[in-house]
1. How do the peptides 573-581, 405-413, 196-204 rank, highest first, by the average count of neighbouring beta carbon atoms within 10 Å per residue?
2. How high is the relative contact order of segment 522-660, in percent, counting Cα pairs under 8 Å that sit 6 or more residues apart?
3. Let me check something: with ligands and nucleic acids excluded, how do 565, 465 order by accessible area (1.4 Å probe), largest to smallest?
4. What figure in square angstrom, to the nearest 10, would you give for the accessible area of residue 104 with a 1.4 Å probe?
5. Taking R0 as 56 Å, what FRET efficiency do you get between residue 78 and residue 468 from their Cβ-Cβ distance, rounded to the nearest 0.05?
6. Within the accessible area of the chain, what % is carbon and sulfur when the probe is 1.4 Å and the other protein chains stay in place?
7. Normalising by the residue count of the chain, find the relative contact order in percent from Cα pairs under 8 Å and 6+ residues apart.
8. Would you work out which of 770, 587, 356 lies farthest towards the positive end of the dipole of the chain? Charges go on Cβ: Lys and Arg +1, Asp and Glu -1.
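The values are calculated or read from the model by the stated rules, or taken from the named source; none is laboratory data. The structure presented is a predicted model; accordingly, all values stated were derived computationally and were not measured. When we count neighbours, we look across all protein chains shown, and the Cβ atoms used for this are built from the backbone with ideal geometry, even at glycine. Each accessible area value is taken on the protein alone, full model and side chains, heavy atoms only, with ligands, DNA and RNA left out. Shrake-Rupley method; radii C 1.70, N 1.55, O 1.52, S 1.80 Å.
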Amino acid sequence: MTEKQLRLSAAQLRPLIPLLAILLVLLALWVAWSGWQQMRDGDRSRSLEQARDMVAQGTAHSIEQQKQRLQQRIALPAVQAALAIGDLAAAESAIKSDWPRLESLELVPPGLDAGYAGLPKTGFGRLTVVEAALSAGAPAARVIRDDGVHLALAAPARVDGRLVGIAFARLQLGVATIALESANVDGATYLALRQGTYTVAQRGDVGLTDSAEVLSVPVKDTGLRVSAGLPNEAVAAFGLGTLPSLVVSLLLLGLAAGAWLALRRGVGGNVEVAAEAEERTLAQSIEQGLLEPEVVTTAASHGVRASGTAAATGPLLVDPGIFRAYDIRGVVGQTLDFGVAEAIGRAVGSLMQEQGAGDIVVGRDGRLSGPDMVSGLIQGLRNAGRNVIDIGMVPTPVVYFGTYHLHTGCGIAVTGSHNPPDYNGFKIMVGGHTLSGDAITALYQRIAGGKLYVADVPGTLVQRDIGDDYVNRITADVRIDRPIKVVVDAGNGAAGELGPRVLQAIGAQVVPLFCEVDGTFPNHHPDPSEARNLVDLIVKVQAEGADLGIAFDGDGDRLGVVTNDGGNIFPDRLLMLFAKDVLERNPGSVIVYDVKCSGRLQGYILQHGGSPLMWKTGHSLIKAKMREVEAELGGEMSGHFFFAERWYGFDDGIYAAARLLEILAGQSQSPGEQLNALPEGVSTPEIKVDAPGGDPHAFVERFRASAVFEGARNTTIDGLRVDWPDGWGLVRASNTTPVLVMRFDADSQDGLARVQRAFREQLHAVDPSLQLPF
């Protein structure tokens, strides 16, 4: 190119310089705005955490003052003299004299039988705080609801070391909420004082209620906590932090200024040539070879839509059998591949579009097919215009956690759970609800009918590691009072890294076993519900002299436990321990459990002041029922545990293990002694039998229609469960594999044999060829 042509080309660019300068200024302003927003978010976060900590400290101080006042008044000479002669009325009068904000006070006899016999009239909350004071031998405090909401105190009343009663006081709720009410709370943030799932008082933006548990801190010695919520953080321009954003914005402004100066001085150093080029017509320029002819097309000529639509794209071939009752699951290379995963992503993205949800968290377990499945899934989600946050290889509970922590409400865990290595699947949450039943079927119908949303512009994709956030969230709330040595067997599953980290962080001494993530599962099948998969764990616990052993399944949402004497603590017995702990703080709460759980569980929950509710097996079904009845806790015989109290209500084997160690460390007995003391009869583990014809649901329907059991109560919410006074049996259809699932339980070995014999007769009446191991 000649010098003249170079000058001419530079001159032709001259009209673009103003546009370039404007774009650089706009870009600089956007980057600077992003930096300012990050600075604002940081200040807001620090201010909120400071306010949260001040509220927690202030609340603890205010309640502690009242507890000390109660204890001091019980020790007054006038009170002691009245108690010594049994004049409770005089003692009550002396204690409550001149006590601001006190609403009522009474001295309760140390025997609480009358109180329990009078439930619910005598009040669950009242009994809870009285029991807490008796157990601790010191003043206790709780927020209770009876004819209103109050701060309740209780303290043992002793004379010469002899327990003569319990002082029970009700104070105005403002004693507990004064610190929150006086706190400086930004209206865009959220602070709340909570006990269990009950919000005692709250300030700020109530729209942040669901995400506030991430930043919660306990209020010392009260059972209360202060929860804090922040709005979504600003998106960093180009991933730049606050200071880099400001520096880059200044550089962009400098470039804009340079471009403007170049315009003023003339481009290419020769204004005359530029002017000459500007006067030349388009035709002349083309004729002289200075410009190439250009074909101008419109978006319409290429068939581009003006906006995204739910277009019919033609039916896709997907096996309907992979769409199960509470997730999607199939065999890689047979019913699952990249294309199927992409179709599932588009179907979920279409559902999100209808619900107005834009962002979704995606994670996977350690299976070898995981990366390929995730790639297909993400492609489908982005084609539907969804913004994907890929959190990498994590346990399934961390995906659920991410939907709360990152405020998406939507997430997909790509996992085969506890199934063999060639399986994989998808556990899906949209709008805060785990999909199950008809919602899963509807995804297949979208795909089969080609009714899938296609966006004009693909959604975004970012990678983010939230492992530290998950660990910090748990350790902010759960700590153990004394060291416990525990062997953790992750079965080479996805919990192998975070499981031990969490338990170590709360104060446990952890011995890892098979914690290297390996999607071939070389040591044993990652299913703790099968006794044979716990053999190595039992041997390791005894060899290490550990207190107990913890086992996770392939994706970390299930928990198995063994004691140091080789015992396998079935999940329904663990649920008893969890229920007792939760009910101490939340008397009267609903505890949901599945049809495979022990018949002794119902009585145990009732004995500890709870409301037992049996429901269908399936993690998504249990979660849905818990939301419906506002339950504080749920559990399944398979090892899924769902804590709504202090957690988010999803199934999480790692968090359940942390709560278990917290409970065990809080008692003087050894972990083995506490676990072995839980009520137990004679029971079988889950028995799995191949279904005739490969269709367990059809067989169960025939069995339910024809079976007759004398002197028993039938429950048909999930299969057929038959309860006698001294035992029970169950037959149900698995929703994940083509097998019948059975379990039997009784008070004695003779009772168990009788229950199994009755079931064997009725099962063989339906199909004499059925192979039964009992």
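1. Highest to lowest by the protection proxy: 405-413, 573-581, 196-204.
2. With pairs under 8 Å counted, the relative contact order is 22 percent.
3. Reading off the accessible areas and sorting them downward yields 465, 565.
4. Accessible area of residue 104: about 40 Å².
5. 0.50
6. Heavy-atom surface of the chain belonging to carbon and sulfur, 1.4 Å probe: 53 percent.
7. Once normalised by length, the contact order is 9 percent.
8. 587
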